[in-house]
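Quick notes on the structure that follows.
Where a number appears in this text, it was derived from the coordinates with a stated rule and is not lab data. Worth saying up front: this structure is predicted, and the values here are computed from it rather than measured. Cβ coordinates were reconstructed from backbone atoms using ideal geometry, including for glycine residues, and neighbour counts include every protein chain displayed.
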Amino acid sequence: MELNLQKPIAFFDIEATGLNVAKDRIVEINIHKVNPNGTEENKTWVVNPEIPISTDATKVHGFTNEDVKDKPTFKQVAKEIEQFLKNCDLAGYNIIKYDVPMLVEEFLRADVDFDVKNRKIIDVQNIFMKMEQRTLSAAYKFYLNKELENAHSAEADTKATYEILKAQLDRYKDAEFKDRDGNISKPVVNDMNKLQEFSSHHRNADLMGQIIFNEKNEEIINFGKYKGQKVEDVFKKDPGYYGWIMKSDFPLYTKKLMTKIKLRTANK
């Protein structure tokens, strides 16, 4: 089933120096853009992360420090990447927890204003894990009945994710899903709004899901000793909490959000 698109959608995959969104850096990014008229574009950037690539990361994606030492930095190609993603919704495998936050962090470091608020974000992994609960290679085998070659190559993973989403739309066209509350729906439909809703675990206020929205659209802390409490309430009863956030290894986007809430709370 071909995708029902109102605007371009960009499937992307990131390889990085490690898994820490706040500290690690992008080494490779591949973007496979699908346009509403059916045309497709694919671009790959390999960049110098300006920090060492961990041994564990090299074992996964194959890039060494020697491989990237003469490549441009992300800041040097940030505008080009941002332009390629202009007006695109975003899709990928595990992008809600990893690729989107990592990409936004890099844009913030490069002083590029990359707004994700008006973009649909569709996480193929979450659809897959909810319906089948397996890995990317297993998903490719399960849905397409063939082996995924060059796994952990950004381009191979990105294209595989695109093919899997189309296969999911065919396979689950009329499939029912029962949520934790016993509600039954048919959520896997060819609609980017519905797919974003189903492929998300929470309505995130930040990108890592450390701050989420409740039913009243209030920002709620989703980790640590104040988990489940309103951010505004925590700032009022624990003035030092904001300072701790700013000094700790939280993503820049999360710190930016917390500053916005802090200022809003102070002005009430």
Task: Sequence-distant aspartates and glutamates (8 or more away, or on other chains) whose Cα lies within less than 19 Å of Lys69 - done: Glu15, Asp24, Glu28, Glu50, Asp56, Glu106
Task: Full-stretch length increase - Asp113, Glu2 - with 0.36 nm per residue and alpha-carbon distance subtracted - done: 36.8 nm
- [ ] Give the shape of the stretch 162-246 as rounded, prolate or oblate, defined through the alpha-carbon gyration tensor: a ≥ b ≥ c are the square roots of its eigenvalues, a/c under 1.5 means rounded, and otherwise the shape is prolate if a/b is larger than b/c and oblate if not.
- [x] prolate
Task: Given charges at Cβ of Lys, Arg, Asp, Glu: the stretch 9-198 dipole, positive-most of Asn42, Val104, Leu136 - done: Leu136
Task: Test item: Cα-centred dipole of the chain, Lys/Arg +1 and Asp/Glu -1 on Cβ, debye - done: 1100
TODO: With only Lys, Arg, Asp and Glu charged, each at its Cβ (+1 for the first two, -1 for the last two), find how big the charge dipole of the stretch 63-148 is about the Cα centre; round to the nearest 20 debye.
DONE: 340
Task: Unit charges on C-beta of K, R, D, E only; dipole of the stretch 211-266, Debye - done: 160
Task: Qualifying trypsin sites (Lys or Arg not before Pro) in the stretch 33-92, DSSP loop, other Cβ atoms within 10 Å at most 13 - done: Lys69, Lys86
- [ ] Add +1 for every Lys or Arg and -1 for every Asp or Glu among the other residues with Cβ under 11 Å from the Cβ of Leu148, and state the total.
- [x] -1
TODO: Within the stretch 185-268, report the GluC sites (Glu not before Pro) that DSSP leaves as loop and that have at most 12 other Cβ atoms within 10 Å.
DONE: Glu215
TODO: Hey, could you grab the Kirkwood Rh for the chain? Inverse mean 1/r over distinct alpha carbon pairs, Å, one decimal.
DONE: 19.8
TODO: Go through Asn267, Ile184, Ala57 and say which Cα lies farthest out towards the positive end of the charge dipole of the chain; charges sit on Cβ, +1 for Lys and Arg, -1 for Asp and Glu.
DONE: Asn267
Task: Relative contact order of the chain, defined on C-alpha pairs under 8 angstrom at six or more residues apart (%) - done: 17
Task: When each of Lys33/Lys71; Lys86/Lys166; Lys97/Lys146; Lys7/Lys186; Lys97/Lys216; Lys166/Lys227 is checked by Cα-Cα distance, pairs over 30 Å - done: Lys166/Lys227
Task: Calculated [θ] (222 nm, deg cm²/dmol) that DSSP helices of n ≥ 4 give over the chain, each run adding -39,500 (n - 2.57) - done: -11000 deg cm²/dmol
Task: Calculated FRET value between Lys166 and Asn214, using beta carbons and R₀ = 25 Å, to 0.05 - done: 0.15
- [ ] Compute the distance in nm between two label points, each set 7 Å from the Cα along the Cα-to-Cβ direction, one at Glu50 and one at Phe142.
- [x] 4.0
Task: DSSP-defined antiparallel bridges as percent of all bridges, the chain, nearest 5 - done: 75
Task: Segment Arg264-Met129, extension gain: residue separation times 0.36 nm, minus the distance between their alpha carbons - done: 44.9 nm
TODO: Please tell me the relative contact order of the stretch 37-170 in percent, rounded to the nearest whole number, where contacts are Cα pairs under 8 Å and at least six residues apart.
DONE: 21
Open item on the list: Please report the net charge: other residues with Cβ closer than 9 Å to the Cβ of Ile261, K and R +1, D and E -1.
Closed with: +1
- [ ] Mind giving me the nanometre distance, one decimal, between the label points for Asp191 and Asn35, set 7 Å out from Cα along Cα→Cβ?
- [x] 2.7
Task: Cleavage-rule hits, GluC sites (Glu not before Pro), the stretch 11-94, DSSP coil, Cβ neighbours within 10 Å at most 16 - done: Glu50
